[in-house]
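The values are calculated or read from the model by the stated rules, or taken from the named source; none is laboratory data. The structure presented is a predicted model; accordingly, all values stated were derived computationally and were not measured. Glycine also receives a Cβ, built like all others from the backbone with ideal geometry; neighbour counts cover every protein chain displayed. Calculation scope for accessible area: heavy atoms of the full protein, side chains included, ligands and nucleic acids excluded. Shrake-Rupley method; radii C 1.70, N 1.55, O 1.52, S 1.80 Å.
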Amino acid sequence: TIWKAMPERECLAAFAAHPRLGEKRAGADRESSWSKGEQSGTAAATKETLDALADANRSYETKFGFVFL
């Protein structure tokens, strides 16, 4: 309900601030426990898997214009 009531520009800003799957950002030590929990499945991922996730993230963003959540 909240998302549907928000202006599109605010939704897109929230999406842009969200880390991509498998992404390790600078300042990651300050991320919320919720975000860390979402990313925890990639902690033991191989470089090959992380590279595949990065490729899939880029493809999704190219197609839809925002990060996959």
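Look at PRO7 and say whether it is open to solvent by less than 100 Å² (accessible area, probe 1.4 Å) and either among the basic types (Lys, Arg) or at pLDDT 85 or above (or both). In short, yes. For region 26-33, the condition of being modelled with pLDDT under 85, in a helix (DSSP H, G or I), among the acidic types (Asp, Glu) and exposed (fewer than 14 other Cβ atoms within 10 Å of the Cβ) holds for at least one residue. Could you list, in sequence order, the residues of region 47-67 that are in contact (Cβ under 8 Å) with a residue 24 or more places away in the chain and among the β-branched types (Val, Ile, Thr)? Hits for region 47-67 are THR49, VAL67.
Out of everything in region 35-69 that is closer than 23 Å to ARG9 by Cβ and not in a loop (DSSP other than H, G, I, E, B), what residue ends up being modelled with the lowest pLDDT? Step by step, filter region 35-69, then rank; the result is SER35.
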